[in-house]
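Q: One structure, as structure tokens, below. Some questions next.
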Amino acid sequence: MSSKPVDDTEAAALAARELVQLQQQAEQVREVLNGLQQNLVEVETSLDNSHAAQLREANEHLVQAALLAHSHADTVKQALEQVSRTAELDALTKLPNRPLLFDRFTQAIAMAKRTGNRVAILFIDLDDFKHINDTFGHTMGDEALQAAAHCLSSSVRDADTVSRHGGDEFLILLPDLADASDAAVLAEKVITALARPMRLGDHVLRLAASIGISIYPDDGAEADALIHHADVAMYRAKKGSPGSVVFYGDEAIDQSPHEPIALASLKRPLVRYEEALLEHERRHAQLCEANEQLVMAALNAQDLQAAAEQAHRKQTEFLAFVAHELRAPLAPIRLATSMMVEVGTEELPKMQAIIEHQVTHMARLVTDLLDVSRINTGKLRIECRRIDIVSILDAAIEGCRPAMDLRLQHFRLQLPAVAVEVQGDPVRLTQVMSNLLTNASKYTQEGGQIRLRLVPTDADAVITLTDNGIGISAAALPEIFNPFVQDAHAIGFNGTGLGIGLTVVRELVEAHGGTIVATSDGKGFGSQFVVTLPLAQASLTSRDTGSAT
């Protein structure tokens, strides 16, 4: 009986010990779980922070990459646009090239089919442009082409297209024309703009062009055919006369048996400024010499007696001026001789020609001054023969063009369709036109306009010279042809003189049986001189129609 309680006590103690052990183990497990839970939180926190940082860094890289890609895309786009534009432009003139012109031409024709309007193409060839390349080199030729391109672009409408066809040839596309005559108006505007003198460095550029025009749908339905027809018309214009305009549909002029009018004085589109200045001075001195000789011959004894004191004083001044002008040719001679040492052998004939020309005029002036009998009699020596008046105009323009180039004056010459012949002295008639052209240039402001027109009538050749210069006052106009008369507002405008040039003109024109009339609307409104010379019998012969600029 005593052994059973002992066993129960031992069992209870054992159970208590086991419970304590289990509690200890549970506590240990709790501690382990708490540690694991804490580690888990720490791990989760660490993972969350690392992921956010990586995500932010990735986002930053993506934004930078996007911005860089956008910048590269803009650069590539601009480069592609620049390449595209460059591919559509002529490298030298920056004008639309032929592919771009053909594309616009096709669009213009399509539009014209819908609207019923017309399209015109102008084929432009610069006259005598080879002279620039041959004389001044291709670099100067390129500059002249760039100037021509700018001039053409400035002359057309915004909707028109100017394109360089090649070399010195250009095309102008005129879309949406109501009437074909509108193309002729623009062509004349282009010719006028090209003829206006421009400065290229130390050079003066004055261009002329021949223009052929074809019209859609009258002359063709496709761009290729219309350009070809405009080219054909351009060559017909060039054969007819420099600076003219011909429509493809006009009557052909290719069969004319006569040579076209081509004035040598207008064949140099580009001249050196210094050479023009030297030539102007030489021509002016030469003209003064000739004028002085004739005025001395024209002043007869009755004129001297009518105003003895005044005439004596004027004569003294005049002779002093002649003595001074006698020395004027020495300047070109001295310059030419000094240049002969420096220039190449190819320039020596030109220098020799200048010296010989000046010596000849000096000898002529001395001879005339010593010819007392001629001065006393007051008779003018006129050696008449049958001459073409166009050759007279050519020689006079050649002498006066340097002065117009120096002042960048716009000169336009209009000639008739026939040869005009008169009975006259070519030297004296050249002197007449030289005096008139010199005065027109002298009394016209820089950049002004001068027009010379020759029109034959049944019995006369009528030469009209018009300028937009300073004009002639109403008080001076009736006396303008008298010796030593100068308009007050003209004195000192562009140099001074004795006022004898127009006296010479009147004497010579009347000696040829002609008349001269001067008109002006007053100061600031320009002037006009009309010279009428009798035609030689049966002087009108067929000649190509022409106008030169």
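Q: If we scan region 173-184, do we find a residue that is in a strand (DSSP E or B), buried (at least 23 other Cβ atoms within 10 Å of the Cβ) and charged (D, E, K, R)?
A: no
Q: Moving to a separate point now. Quickly run through region 145-172 and pick out the residues that are surrounded by fewer than 14 Cβ atoms within 10 Å (Cβ to Cβ) and over 15 Å from the mean Cα position of the chain (by Cα).
A: Correct list: ARG157, ASP158, ALA159, GLY166, GLY167.
Q: Still on this structure, please answer the following. What number goes with the only condition from (1) buried (at least 21 other Cβ atoms within 10 Å of the Cβ); (2) touching an Asp or Glu at 6+ places or on another chain (Cβ under 7 Å) that LEU200 does not pass?
A: Going through (1) buried (at least 21 other Cβ atoms within 10 Å of the Cβ); (2) touching an Asp or Glu at 6+ places or on another chain (Cβ under 7 Å) one by one, LEU200 breaks only (1).
Q: May I pose another question? Just checking, how many residues over region 190-247 are in contact with a Ser or Thr (Cβ under 7 Å, 6 or more places away or on another chain) and among the polar types (S, T, N, Q)?
A: Taking region 190-247 as the starting set, the residues that turn out to be in contact with a Ser or Thr (Cβ under 7 Å, 6 or more places away or on another chain) are 190-191, 193, 195, 208, 210, 220, 223, 226, 229-230, 233-234, 237-238, 240-244.
Filter again for among the polar types (S, T, N, Q), leaving 210, 241, 244.
Residues in region 190-247 being in contact with a Ser or Thr (Cβ under 7 Å, 6 or more places away or on another chain) and among the polar types (S, T, N, Q): 3 in total.
Q: Sort out which residues of region 520-536 are under 12 Å from THR444 (Cβ atoms) and either of a type in the set (S, T, N, Q) or crowded, with 17+ Cβ neighbours inside 10 Å (or both), and write them in order of number.
A: Scanning region 520-536 gives GLY526, SER527.
Q: State the number of residues belonging to region 218-233 that are out of contact with any helix residue (DSSP H, G or I) (no Cβ under 9 Å at 6 or more places or on another chain) and assigned to a loop (DSSP other than H, G, I, E, B). Write out each step before concluding.
A: So the first thing to find is which residues in region 218-233 are out of contact with any helix residue (DSSP H, G or I) (no Cβ under 9 Å at 6 or more places or on another chain), and the list is 218, 225, 228-233.
Now drop any that are not assigned to a loop (DSSP other than H, G, I, E, B), which leaves 218.
Adding up the residues that qualify gives 1.
Q: So, in region 414-437, how many residues would count as being within 23 Å of the chain's Cα centre (by Cα) and crowded, with 23+ Cβ neighbours inside 10 Å? Write out each step before concluding.
A: So in region 414-437, the residues within 23 Å of the chain's Cα centre (by Cα) come out as 414-415, 437.
This time we only want the ones that are crowded, with 23+ Cβ neighbours inside 10 Å, so: 415, 437.
Residues flagged as within 23 Å of the chain's Cα centre (by Cα) and crowded, with 23+ Cβ neighbours inside 10 Å within region 414-437 amount to 2.
Q: What's the number of the condition SER210 fails, among (1) among the polar types (S, T, N, Q); (2) touching a residue at least 24 places away in the same chain (Cβ under 8 Å); (3) surrounded by fewer than 18 Cβ atoms within 10 Å (Cβ to Cβ)?
A: (3) is the only condition that SER210 fails.
Q: Return yes or no: is VAL427 among the hydrophobic types (A, V, I, L, M, F, W, C) and modelled with pLDDT of 90 or more? So that I can check it myself, show each step before the final result.
A: Values: among the hydrophobic types (A, V, I, L, M, F, W, C): yes; modelled with pLDDT of 90 or more: no.
Criteria not met by VAL427.
Q: Also: If a residue must be more than 29 Å from VAL204 (Cβ to Cβ) and surrounded by fewer than 17 Cβ atoms within 10 Å (Cβ to Cβ), how many such residues does region 103-144 contain?
A: Kept after step one, since they are more than 29 Å from VAL204 (Cβ to Cβ), are these residues of region 103-144: 103-121.
Those left that are additionally surrounded by fewer than 17 Cβ atoms within 10 Å (Cβ to Cβ): 103, 106-107, 110-111, 113-117.
Here the count works out to 10.
Q: State which residue pairs qualify: first residue within 20 Å of VAL418 (Cβ to Cβ) and assigned by TED's automatic domain parsing to the domain that holds ALA440 and inside region 385-402, second residue surrounded by fewer than 23 Cβ atoms within 10 Å (Cβ to Cβ) and among the charged types (D, E, K, R) in any location, beta carbons under 6 Å apart, and separation of 6 or more residues or different chains.
A: Here the result reads ARG386/GLU421; ASP388/GLU421, each pair linking region 385-402 to a residue that is surrounded by fewer than 23 Cβ atoms within 10 Å (Cβ to Cβ) and among the charged types (D, E, K, R).
Q: Next up: Working only within region 89-129, note down all residues that are among the charged types (D, E, K, R), touching a residue at least 12 places away in the same chain (Cβ under 8 Å) and out of contact with any helix residue (DSSP H, G or I) (no Cβ under 6 Å at 6 or more places or on another chain).
A: Of the residues in region 89-129, the ones among the charged types (D, E, K, R) are 90, 94, 98, 103-104, 113-114, 118, 125, 127-128.
Going one step further and asking which of them are touching a residue at least 12 places away in the same chain (Cβ under 8 Å), we end up with 90, 94, 98, 104, 118, 125, 127-128.
Answer for region 89-129, where residues must be among the charged types (D, E, K, R), touching a residue at least 12 places away in the same chain (Cβ under 8 Å) and out of contact with any helix residue (DSSP H, G or I) (no Cβ under 6 Å at 6 or more places or on another chain): ASP90, LYS94, ARG98, ARG104, ARG118, ASP127, ASP128.
The values are calculated or read from the model by the stated rules, or taken from the named source; none is laboratory data. The model shown is predicted, which means the values in this text are computed figures rather than measured ones. As a convention, Cβ positions derive from the backbone with ideal geometry for all residues, glycine included, and neighbour counts pool all protein chains shown.
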